[in-house]
Structures are given as structure tokens and as C-alpha cells.
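Colleague: Let me give you the structure first, and then I'll get to my questions.
The values are calculated or read from the model by the stated rules, or taken from the named source; none is laboratory data. Since the structure is predicted, the reported quantities are computational estimates derived from the model, not experimental observations. Don't worry about glycine lacking a Cβ; one is built from the backbone with ideal geometry, like all the others, and counts go over all protein chains shown. Protein only, heavy atoms only, side chains kept; ligands, DNA and RNA dropped before computing areas. Shrake-Rupley method; radii C 1.70, N 1.55, O 1.52, S 1.80 Å.
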Amino acid sequence: MSRRLTRRELAALAGGAAVAGAVGGTPSPAGGSGRRPGVVGVAALAPGEGGRVDGAAADRAMAAVLAAATGAPSAAEAVRLLLSPSDVVGVKLNCLGGRNLSPRPEVVDALVRRLVEGGVRPGSIILFERSSRELERAGFTIRRDGDGPRCYGIDNDWDRTPSESGAIGSCFARLVSESCTALISFGVVKDHDLAGVSAGLKNWYGVIHNPNKYHDNHCDPYVADVVRHPFIAGKLRLTVLDGVTAQCHGGPAYRPDAVFALGRLAASTDPVAADLWAWRVIDAERVRRGLPTLEGAGRPPAFIATAAGRGLGVGDPGRLAEVEA
Amino acid sequence: MSQPVDRRGFARLVAAGAASAILPAAGVGARSRVLRVGEPVEGGELPAREASWYRRLEEGRVECELCPQGCTVADAERGTCGVRENRGGTYVTLVHSLACSVHADPVEKKPFFHVRPGELALSWAAAGCNVECKFCQNWEISQFRPEQVRATYLPPEALVDLARRAGARLTAATYSEPVVFWEYVRDTARAARAAGLLPTVVSNGYIREQPLKEVLPLLGAVKVDLKSFRDEFYRDQIRGRLEPVLKALEVIRAAEVWLEIVVLLIPTLNDSEAEVRDLARWVKTTLGREVPVHFTRFHPTYRLTGLPPTPVATLERAWRVARAEGLEYVYLGNVPGHPGESTTCPGCGEVLIRRVGFQVLANRLVDGACPGCGRAIPGVWR
Ligand code: SF4
């Protein structure tokens, strides 16, 4: 199983070199460093009144996980390692669960502040989902212009022709194929009735026009094939998971009796490791409640191992390094 | 040629007092809304009504029993077709009365060659499909979700009204996949029958037996795309299976409804002489030699852009093989001007209906029979 490393132990791994060999083909960001295969930075972030979190607490947690995920001394330095000031950064939010089971606006705001602090131009940050309607339902305000960060849905702005990637053939959102030069997956931590887990990787189903065609066989290998497309894999710099509350059963829709206060914010430059971590915490809660593990329930998220096999990150649970920030 | 029924046509419907309509909200939450006939619907909240053919499972899941995909769908999710959604344990269709394409087409374009030659069919589609043919010609509506496609609110009575105005004596559910808008097809067929029109359907035949049997008595003709006679092709190229389509063809043939079959021949994938022979033999022995089979020409599109158009010689070979196997009405499609477009009497060889493209140049049938030898030619001629 995975083990937790301290920041100090992680620093000794010299920027993730010890596990980097396992991640053949992982694309490098502009700066070429800051990637820590297998490493997931995790910080405490407790839910308050109505599940909301305090903005200052979100700021602190975000800074801590960015530093832990990259091994950088500060969040600003972490951002500088992953992104350049000329990048147009798309942040894909997963808002299918509505206001109760989507990334919290106050936590997303904390990421935006850290990106700006690290040199990204505010107007070059685009928070997006499949539709503006879903964003609004999750509590976000639509902004298509102005100097600040944008926030809007793909709203049917697809490539004119499909592209192939392994078993999938899809039109990608022009936001990812054309507009953005760097991408961040900002998901939640939840059970998924078909895929097993919906966290950072499956979030990318939202950027193709035909996700409903790829739900058979527990979404495997389709999730991996979407993410390995150069539009995603070539630009993906970071995965952030809002685990303030999580859902261990009955997903992907919000189900109150299956939601639990996980009290964690997580970030990783390794999208596969981030999903491994989500799988682990979901299973832990299921076991605590006397539910079978996802494997026992017949829906292990096999796409995670497939994604690792495609060179997208570390898929071996024994090599998952959770760094408590 | 085909006449698109445009927004002005829809506007006229509204102006003519086609009235506003309210989609039923029962059981589908608070998301239904009032729509006016002819109102464009794009990207916004979709009207919903409870679907037919599903059963509730544990934990709020549903199982769709409409087509062989047999999707098990969790709350807030959709089936493979993308047009049927689980809303808190109630399965809804999101495409009833949302037409995304409406034209008055010659019936030959469907193609039906033994159904009221030269007449117009008011042809319409809603978004979605239950399979994914890599060579789909209409993928811009069939492979997208309803909220991703421009549509117009046209309930069955409005479609029938449009048919009358266009001078069409037939209606045709076509372009995408009518199986996935089954309820819309059923209700439009009823309205069309009541108005004295002949309802028809153009389908992939990927439907379960019970829903098919329930809708067949309402229909006058069905065209089925038999995409290959190899299960491997169905699995690799369309994400489906062959056997349910063959079963559907048998069910249709056993009903009081006219059947024609189209086979799109794709170079190297389904155009071998052996496969065409197997297919023709099966049609003859299982369905009957008088069922028309159209071999049509492939053009590169969607995900299959690396193959050339089907050589005419390949189509002609298929024609010869099928005729040699004993099929009496074999046609070639997408080769305008080819003699294989015309209907010939199997008795005396006389050309009975001469066609070029979708146009009928001459129809020599007399009361559905050959004027030369008197042989009855099967079809729906009136
Ligand atoms: S009709 Fe749609 S939802 Fe129903 S089984 Fe077929 S693909 Fe699945």
C-alpha cells in the first residue's frame, strides 16, 4: 500500500527523480521541472457552516498543497515551475454534482490567487465546465471578458472534426484544443457508478462531445485514451481535488447519505497518482461504513492502471507518496 | 429535390395559431418548461418527459430496455445514446418533440423504391443514436447530445401539419436514429395515420423485440441499414452487434409493414464477395427474395476518412452476386444515373420504374403490376 512521506523525505527525493523512471512519456511543462510522479500533496481543509470553507483557510491549504506537489519552497515558486506568464491556463471544473458536490468557488478562488501570484495573467485564466449552466448551478458567476479570470462553459464550441486517441474518436472542446496552452483538472473526490472513481482523470470526459459513448467496461480504456490525447496530456500541468467533503457511494450525482467530511485538499502534478489517492480515500470510507471496496462492488477504477500503462503517471499504489503539507 | 422546412415555415405554424404547448412535467422534476410550437431550442434546459421501456433498479439506477445496448444508468447520467437521462430514478427522454432536422424529401432518398414512387416524405430527426458508426454521414446530429444540437419544438401534430403544407403524403423518421426517439416516432406515427398519411421509419434496426412490435402496427414501411453480415464489423465499426439486427429484420418482415434493406459497402471492411453472398442468401431464405436490397456507395466521413469511395465495380459485383443468389429487387445507391437505380420486372426483364438519383423519370406500373407480363410487383404503391 502507499505510505505517507514527510516534506523532508520528499525533498530528499530530489524533485521526484526516484520515481520519475516509472513515468515514461509523461509530458513536461515549459519549465521542465516541478513534476513529482507519484506524489500527492495533501492539506487539511475542514468544512464549515453549510459545507463552505473559510477563504483564508483555503488560501493556506492551496499554498501548502502546491508546494508539496511540486517540491517548491512556496506556492508562487510552484506555479512558476509549472506555468509560464505567457500561458493561457484552462481550469476544468467538475460541476455535475451541483452546489453540493462540485469544487467550491472559494477553493477555486484560492487557486486563482496562487496562479496570479505565480505570474499567470488574471485574464489568461479560464475556469470552465461543459456548460455555463452547470457552472452557475455550482455557484460560479459567468464572466466572458474583462481583466480578471474568465469563467464560462464550453457551450458547444467543439472542434469541427473528431480526433482519434486509442479507442475514442471525439471532437474536443476548442478551449482545450486551441485556446489554452496549459490545463489544470480541478475535480472532486467521489464514487462513480460505472467508472468506480470520478476525480481528476474522469473530469476530462467533459471536454469531448460524446462521453456517453464511452461508459462501457467501466470507462476503460476510454478515460485513459481521452487524457493521453495531446490536447490534454501535452498541456496538463496539475490536478487539484476538492476533498473538503467527498462521496463514497452513489455517484456521480450528489447523494447526501454517502457524503462525508474528508477535510482534505489535494494536488498533484501526476494525474494518475491523484486518482489513486482518491480511490484510496473512497475505499477507506467505504470500509469504515461496512460497504465493500470498489473492487468488491465490481467496479474497480481499472482506467487508473490503464492510464499508468499509457505513461500518464504512477499507477502502482505501493509507489503513491502522500505528502501531508 | 429535398425541400428544407425552414424557420419561416415553423414561424408560419406559430402564426397560424398552432398554439403553445406544455410538455408534461410529471415525474421529471421541476425542469420541464413551456415551449411554443416552432420555438428554437438550443443549449438551454431541455424539456423532458418520462421514457417508455425502462425498469427501476436498486440504488436509484434504471435499466433501459429499449435497445440491445441495455444501459444501466445511475442518477444524473445518460445512456449510450445520450438522449435518455436518469432523474432521481425516473428515466426521461430529452428529445420528444425536438426536431433537429426537417425536410420534405423524395421518398427515393430514404431510400424506398417500392413505396409511392416520386412522392414526398416529410422527413425529420431528433438528436442521438444508440450506436456509433465510424462512417456516419449524419454524425453532426446523431453523435451529439440534444443540448449540443439546434432543434425546434415540433410536436407530432405540428410535423403532420408541415407534411400537409409541403404536399407530403408520407412521414419519415430518419437522418439520426429513430430508435432513440421511440416515443416521438410512435406519437407522430399515430398523428400521421389519423391524418391519412403513411408513416415510415429509417433505422439501424438496433432495437429490442417488444418496443419494435409495439410500434410496427403504426407504420407503413421500414428501411433498415444492415451494416454488415459480420458480427466483428458490428463490434469494431459501430459499437453494436449483428444478431439483434437480424432478429429485428425477421420481426419486421413478419409484420404487416413494407421492408427495404440498405447495405453501405465500404472498401475492405464489408465488401467481400463472400460476405455479400452470405448476406443475400440469408435475406432470401429468412426474409424472402422479394425484399429489396440496396447496395450503396460509401464516401469518406466522420472517423473513417482514410478509405476511398466505393468503386462502382464493387457495387456492380455485389449486385450480380445478390441477383445470382436469387434476390429479385437489387438496387445500387449513390451512383446517380446507373441502371441499377431502376426497378426491373423479375418476370420479363422490362424496366418498370426508371430513376436517376432521387428522381423518377418513368413509372410504368399498372395497379402495382408489370404491364408487359402482368406480374405483381410487391410494394406500397398507393
Ligand atoms: S436506447 Fe439509449 S439508453 Fe436505452 S439501451 Fe439503447 S443506448 Fe442505452
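Colleague: Which ³J(HN,Hα) values in Hz, rounded to whole numbers, follow from the phi angles of region A:224-232 under the Karplus curve 6.51 cos²θ - 1.76 cosθ + 1.60, where θ = phi - 60° and Gly and Pro get x?
Modeller: With coefficients 6.51, -1.76 and 1.60, one gets 4, 6, 5, 5, 7, 4, x, 4, 9 Hz.
Colleague: Then there's this: Are there residues in region A:213-238 whose accessible area shrinks by at least 20 Å² when all protein chains are included rather than the chain by itself, and which are they (probe 1.4 Å, ligands and nucleic acids not counted)?
Modeller: A:LYS213, A:TYR214, A:HIS215
Colleague: Here's a follow-up. Helix-only mean residue ellipticity at 222 nm, chain B, DSSP H runs n ≥ 4 weighted -39,500 (n - 2.57), per residue, nearest 500. What is it? Can you show the working numbers first?
Modeller: Working: 8 runs with 80 residues, N = 382.
The helix contribution divided over chain B gives -6000 deg cm²/dmol.
Colleague: Compute the long axis of helix B:182-194 from its Cα atoms, compare it with the longest principal axis of the Cα atoms of chain B, and write down the angle in degrees, 0 to 90, nearest 10.
Modeller: Approximately 70 degrees, to the nearest ten.
Colleague: Something else: Output wanted: per-residue J couplings in Hz (rounded whole) for region A:37-46, from phi through Karplus 6.51 cos²θ - 1.76 cosθ + 1.60, θ = phi - 60°, x for Gly and Pro.
Modeller: My calculation for region A:37-46 gives x, x, 9, 10, x, 10, 9, 6, 8, 8 Hz in order.
Colleague: Would you please name the GluC sites (Glu not before Pro) within region B:205-309 that are DSSP coil residues with at most 14 other C-beta atoms within 10 Å of their C-beta?
Modeller: Details: sites: B:GLU209, B:GLU214, B:GLU232, B:GLU250, B:GLU256, B:GLU260, B:GLU273, B:GLU275, B:GLU290; in loops: B:GLU256, B:GLU290.
Listed in order of number, the matching sites are B:GLU256.
Colleague: Set Lys and Arg Cβ to +1 and Asp and Glu Cβ to -1, take the dipole of chain A about its Cα centre, and tell me which of A:GLY146, A:PRO271, A:GLY97 lies farthest positive.
Modeller: Towards the positive end, the residue furthest out is A:PRO271.
Colleague: Show me the ranking of peptides A:122-133, A:252-263 by mean Cβ neighbours inside 10 Å, starting with the highest. All intermediate terms of the calculation are to be shown ahead of the outcome.
Modeller: Values: A:122-133: 21.2, A:252-263: 18.4.
The packing order, highest mean first, is A:122-133, A:252-263.
Colleague: Pick from B:PRO308, B:PRO47, B:PRO156 the residue whose mean-square fluctuation is largest in a GNM of chain B, springs joining Cα atoms under 10 Å.
Modeller: Between B:PRO308, B:PRO47, B:PRO156, it is B:PRO308 that shows the largest mean-square fluctuation.
Colleague: Ignore the peptide's own chain and count Cβ atoms of other chains within 10 Å of each Cβ in B:77-87; give me the average, rounded.
Modeller: Numbers: counts 10, 3, 2, 6, 2, 5, 1, 1, 1, 2, 1.
For peptide B:77-87, the averaged partner shielding equals 3.
Colleague: Provide the per residue accessible area, probe 1.4 Å, for region B:342-382, rounded to a whole number of square angstrom.
Modeller: Numbers: 2130 Å² over 41 residues.
The answer is 52 Å² per residue.
Colleague: While we're here: Net charge near B:TRP381, counting Lys/Arg +1 and Asp/Glu -1 over other residues with Cβ under 13 Å of its Cβ?
Modeller: On the way: positive: B:ARG116, B:ARG169, B:ARG364, B:ARG382; negative: B:GLU119, B:ASP367.
Result for the neighbourhood of B:TRP381: +2.
Colleague: May I ask for the accessible area buried between chains A and B, both sides summed, probe 1.4 Å, to the nearest 100 Å²?
Modeller: On the way: alone 12200 and 15310 Å², together 25210 Å².
For chain A against chain B, roughly 2300 Å² becomes buried.
Colleague: Order of A:267-277, A:194-204, B:95-105, A:49-59 by packing, highest average Cβ count within 10 Å first? Provide the component values of the computation, followed by the final result.
Modeller: Working: A:267-277: 31.5, A:194-204: 28.6, B:95-105: 25.1, A:49-59: 15.2.
Listed from highest to lowest mean packing, they are A:267-277, A:194-204, B:95-105, A:49-59.
Colleague: Which whole-number value in Å² is the accessible area per residue of region B:66-185, probe 1.4 Å? Before the final figure, lay out the partial values.
Modeller: Values: 2540 Å² over 120 residues.
In whole numbers, region B:66-185 has 21 Å² accessible per residue.
Colleague: Residue by residue through region B:236-242, which ³J(HN,Hα) values in whole Hz follow from phi under the Karplus form 6.51 cos²θ - 1.76 cosθ + 1.60 (θ = phi - 60°), with glycine and proline marked x?
Modeller: Result, ordered by residue: 7, 9, 9, 6, x, 9, 6 Hz.
Colleague: Could you work out the mean count of beta carbons from other protein chains within 10 Å of each residue's beta carbon in A:64-77? Write out the running numbers ahead of the final one.
Modeller: Values: counts 0, 0, 0, 0, 0, 0, 0, 0, 0, 0, 0, 0, 0, 0.
Other-chain Cβ atoms within 10 Å of each residue's Cβ, averaged: 0.
Colleague: Looking only at the protein assembly as shown, where both bridge partners belong to it, what percent of the DSSP beta bridges are antiparallel (to the nearest 5)? Can you show the working numbers first?
Modeller: On the way: 56 of 110 bridges.
Percent antiparallel among DSSP bridges in the protein assembly as shown is about 50.
Colleague: Just B:ALA324, B:ALA191, B:ALA173 to compare: in a GNM of chain B, with alpha carbon springs under 10 Å, which one fluctuates most?
Modeller: B:ALA324
Colleague: Could you tell me what percent of the accessible area of chain A is made up of carbon and sulfur, with a 1.4 Å probe and every protein chain present?
Modeller: Working: 5640 of 11040 Å².
Carbon and sulfur together cover 51 percent of it.
Colleague: When the dipole is taken about the Cα centre of the protein assembly as shown, and only Lys, Arg (+1) and Asp, Glu (-1) are charged at their Cβ, what size is it in debye, to the nearest 20? It would help to have the intermediate numbers written out before the result.
Modeller: Details: 87 positive and 78 negative charges, 100 e Å.
Here the size comes out at about 480 debye.
Colleague: Also, I was wondering about something else. Carbon and sulfur: what percent of chain B's accessible surface (1.4 Å probe)?
Modeller: Details: 6890 of 14170 Å².
C and S atoms contribute 49 percent here.
Colleague: Long-range amide H contacts for A:LEU312: which residues qualify at under 5 Å (H placed 1.01 Å from N, peptide plane, sequence gap of 5 or more or a different chain)?
Modeller: It is none; the list stays empty.
Colleague: Name the residues whose placed amide hydrogens come within less than 5 Å of the amide hydrogen of B:VAL380, ignoring near sequence neighbours (fewer than 5 apart) on the same chain.
Modeller: Answer set, sorted by chain and number: B:VAL115, B:ARG116.
Colleague: Still on this model: Using Cα springs under 10 Å in a Gaussian network model of chain B, which residue among B:ARG253, B:ARG323, B:ARG165 shows the largest mean-square fluctuation?
Modeller: So, out of B:ARG253, B:ARG323, B:ARG165, the one fluctuating most is B:ARG165.
Colleague: May I ask you to derive the relative contact order of chain B, considering only C-alpha pairs under 8 Å and at least 6 residues apart, and to give it as an integer percent?
Modeller: Numbers: 871 pairs, mean separation 46.3, N = 382.
The normalised contact order for chain B reaches 12 percent.
Colleague: Which whole-number percent gives the relative contact order of region B:342-382, counting Cα pairs below 8 Å spaced six or more residues apart?
Modeller: On the way: 56 pairs, mean separation 11.9, N = 41.
Relative contact order comes out at 29 percent.
Colleague: Quick one: putting +1 on the C-beta of Lys and Arg, -1 on the C-beta of Asp and Glu, what dipole do you get for chain A around its Cα centre, in Debye to the nearest 20?
Modeller: On the way: 38 positive and 34 negative charges, 62 e Å.
Around 300 debye, computed over chain A.
Colleague: Mind jotting down the distance between the C-alpha centroids of region A:53-94 and region B:196-246, whole Å?
Modeller: Cα centroid of region B:196-246 versus Cα centroid of region A:53-94: 53 Å apart.
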